[in-house]
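Trainee: A single structure is presented below for examination.
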Amino acid sequence: MRALVIDQTGGADELHLAEVPDPRRVSDEVLVRIVAAGVNPIDAKTRAGRGVAGAIPAYPAVLGGDFAGVVEAVPYTAHPLQPGDRVYGMGRVPRVGGSYAELISVSSMSVTRMPVSLSFAEAAAVPLAALTAWGAVVDTARVHDGQRVLIHAAAGGVGHFAVQFAAYFGAIVTATASGRNADFVRELGARRVIDYTTERFEEVATDQDVVIDLIGNVTDATGTRSLDALRPGGLIVTVPTGSWPTMAEEAAARGIRSTGYSVAPDARTLSVITRLIDDGAVRVHVEQELPLEQGAEAHRLIEAGHVRGKLVLRVMPDPA
Ligand SMILES: NC(=O)c1ccc[n+]([C@@H]2O[C@H](COP(=O)([O-])OP(=O)(O)OC[C@H]3O[C@@H](n4cnc5c(N)ncnc54)[C@H](OP(=O)(O)O)[C@@H]3O)[C@@H](O)[C@H]2O)c1
């Protein structure tokens with residue numbers, strides 16, 4: 001099959017097209033012909049030698065954490081998915097994903113029918129980012145009616161879902177984004193948008209019950225400053241987990257609860273998200289779709305850190 005691979009870790013130009021062996025479907029796995037693949041920051045981190053690069057088993061390696069496509073083969077006759085079904089899901093995350101390719105074989109737990117209201121390109125933008133947002137906002141923070149929730153990087157892949165989920169469950173959402181994204185984030189359900197380029201968010205948003213931090217301490221001490229935005233006993237969920245090693249101690253010293261979060265493939269939760277999308281309660285924003293061979297450009301864009309919503313790689317034309 002055709003795949004976008006790296007022969008070693010390094011810069012974006014390491015990504016190139018190659019012919020690699022088709023994956024062999026085993027046991028409970030579903031074989032999917034990929035139409036479009038999502039692009040996520042972890043792909044670029046891993047390509048650069050960080051992220052989960054330590055788990056790359058061999059080269060050439062196929063990156064890519066999520067996808068949308070068509071089922072080619074299933075484990076047994078009465079399986080709930082059938083050849084020809086339009087599906088979306090996650091690759092072998094947290095190992096090196098494998099979705100920048102024409103075929104992927106993944107656990108039945110990782111894949112489900114895609115929303116009927118979405119194109120393949122839109123569907124490919126959902127799984128990893130939306131499951132991360134759900135995991136942080138719903139499963140971990142248990143956000144509910146009337147809570148004050150501050151969400152950083154609200155205009156990005158994870159953030160634009162996090163705002164919608166928090167608002168859906170009744171939270172009063174404050175979000176950080178640059179001014180050019182203020183209207184976009186407000187339309188997703190944020191009550192107030194703080195332009196982090198001109199305002200100190202912790203001076204504007206105080207007494208928050210929850211912070212969903214998608215920046216961490218990589219930029220401008222966003223994690224540490226978030227402690228000033230929380231009420232005593234509040235909760236910070238830091239999603240870029242490695243960015244703030246002293247989080248637990250710093251938060252505990254202030255009487256604030258803290259946790260990291262790591263996403264996992266989860267077809268059941270993805271099916272719930274499918275329903276919300278098809279009901280019109282949640283939407284996905286794809287900023288740009290690029291052909292698979294322009295993966296290097298996609299990585300440069302994601303590394304610049306200002307994508308609105310998601311980037312998607314087109315692997316093949318939409319099937320009839
Ligand atoms: N632990 C896990 O399982 C897991 C899963 C998914 C993602 N992650 C991590 O979570 C982070 C977010 O992922 P993502 O996919 O949402 O990234 P993304 O889509 O690349 O985020 C881009 C967004 O970040 C915003 N942004 C940049 N700097 C900002 C700042 N200082 N304050 C507020 N917003 C800022 C940008 O908005 P403007 O253009 O308006 O600046 C842009 O819309 C990444 O580090 C990713 O690796 C972890």
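The values are calculated or read from the model by the stated rules, or taken from the named source; none is laboratory data. Keep in mind that this is a model prediction, so the values were computed, not measured. Glycine also receives a Cβ, built like all others from the backbone with ideal geometry; neighbour counts cover every protein chain displayed. SASA here: full protein model, heavy atoms, side chains in, ligands and nucleic acids out. Shrake-Rupley method; radii C 1.70, N 1.55, O 1.52, S 1.80 Å.
Trainee: Based on what the data block shows, is Val93 surrounded by 24 or more Cβ atoms within 10 Å (Cβ to Cβ) and assigned to a loop (DSSP other than H, G, I, E, B)? Steps first, please.
Mentor: Numbers: surrounded by 24 or more Cβ atoms within 10 Å (Cβ to Cβ): yes; assigned to a loop (DSSP other than H, G, I, E, B): yes.
Criteria met by Val93.
Trainee: What are the residues in the stretch 245-272 that are among the charged types (D, E, K, R) and farther than 16 Å from Ala141 by Cα, if any? Before the answer, list the steps.
Mentor: Here is the first cut: in the stretch 245-272, the ones among the charged types (D, E, K, R) are 249-250, 254, 257, 266, 268.
Scanning the stretch 245-272 gives Glu249, Glu250, Arg254, Asp266, Arg268.
Trainee: Among residues belonging to the stretch 155-180 that are in a strand (DSSP E or B) and more than 8 Å from the ligand (Cβ to nearest atom), point out the one that is farthest from Leu214 (Cα to Cα). Don't jump to the end; show me each part of the working.
Mentor: Quick first cut of the stretch 155-180, residues in a strand (DSSP E or B) only: 172-177.
Now narrow it down to the ones that are more than 8 Å from the ligand (Cβ to nearest atom): 172-175.
On the way: Ile172: 18, Val173: 15, Thr174: 14, Ala175: 11 Å.
It comes out as Ile172.
Trainee: If you don't mind, there's one more thing I want to ask. So which pairs qualify, if the first residue must be in the stretch 36-48 and over 12 Å from Gly98 (Cα atoms), the second must be of a type in the set (Ser, Thr, Tyr), the Cβ gap must be under 8 Å, and the two must be at least 6 apart or on different chains?
Mentor: Pairs found: Thr46/Thr9; Arg47/Thr9; Ala48/Thr9.
Trainee: Would you mind finding the one in Ala124, Ala129 that is closer than 30 Å to Ser226 by Cβ and of a type outside the set (D, E, K, R)? Working first, answer last.
Mentor: On the way: Ala124 fails: closer than 30 Å to Ser226 by Cβ.
Answer to the check: Ala129.
Trainee: When Phe67 is evaluated against the numbered criteria (1) within 16 Å of the ligand (Cβ to nearest atom); (2) not in a strand (DSSP E or B), which criterion, by number, is the only one it fails?
Mentor: So the condition that Phe67 fails would be (2).
Trainee: Tally up the residues in the stretch 211-270 that are within 15 Å of the ligand (Cβ to nearest atom), open to solvent by less than 70 Å² (accessible area, probe 1.4 Å) and not small (Gly, Ala, Ser), please.
Mentor: The number of residues fulfilling the criteria is 23.
Trainee: A further question follows. For Pro319, indicate whether it is outside any strand (DSSP E or B) and closer than 30 Å to His16 by Cβ.
Mentor: When the stated conditions are applied, Pro319 passes them.
Trainee: Those residues that are surrounded by 15 or more Cβ atoms within 10 Å (Cβ to Cβ) and part of a loop (DSSP other than H, G, I, E, B), I need them from the stretch 50-59; list them, please.
Mentor: First, the residues of the stretch 50-59 that are surrounded by 15 or more Cβ atoms within 10 Å (Cβ to Cβ): 51-53, 56.
Gly51, Val52, Ile56 - these are the residues of the stretch 50-59 that are surrounded by 15 or more Cβ atoms within 10 Å (Cβ to Cβ) and part of a loop (DSSP other than H, G, I, E, B).
Trainee: What number goes with the only condition from (1) among the β-branched types (Val, Ile, Thr); (2) open to solvent by 50 Å² or more (accessible area, probe 1.4 Å); (3) closer than 14 Å to Ile302 by Cα that Val26 does not pass?
Mentor: Answer for Val26: the failing condition is (3).
Trainee: Please state which of the following conditions Val32 fails to meet, knowing it meets all the rest: (1) touching a residue at least 40 places away in the same chain (Cβ under 8 Å); (2) surrounded by fewer than 23 Cβ atoms within 10 Å (Cβ to Cβ); (3) away from the ligand (no atom under 16 Å from the Cβ).
Mentor: Result: Val32 fails condition (2) only.
Trainee: Look through the stretch 272-320, keep the residues that are more than 23 Å from Leu63 (Cα to Cα) and open to solvent by less than 50 Å² (accessible area, probe 1.4 Å), and return whichever of them is farthest from the ligand (Cβ to nearest atom).
Mentor: Restricting attention to the stretch 272-320, the residues satisfying the condition of being more than 23 Å from Leu63 (Cα to Cα) are 272-283, 319-320.
Subset that is open to solvent by less than 50 Å² (accessible area, probe 1.4 Å): 273-274, 276-277, 281-282, 319.
Details: Ile273: 15, Thr274: 19, Leu276: 18, Ile277: 18, Ala281: 20, Val282: 15, Pro319: 27 Å.
The selected residue is Pro319.
Trainee: Has the stretch 113-133 got any residue that is in a strand (DSSP E or B) and in contact with a Leu (Cβ under 9 Å, 6 or more places away or on another chain)?
Mentor: From the stretch 113-133, those in a strand (DSSP E or B) are 113; that's our starting set.
From what's left, in contact with a Leu (Cβ under 9 Å, 6 or more places away or on another chain): 113.
Checked the stretch 113-133: at least one residue is in a strand (DSSP E or B) and in contact with a Leu (Cβ under 9 Å, 6 or more places away or on another chain).
Trainee: If the requirement is being modelled with pLDDT under 95, more than 15 Å from the chain's Cα centre (by Cα) and not basic (Lys, Arg), which of these qualifies: Val218, Val210, Val272? Show your work before the answer.
Mentor: Details: Val210 fails: modelled with pLDDT under 95; Val272 fails: modelled with pLDDT under 95.
Matching residue, one of Val218, Val210, Val272: Val218.
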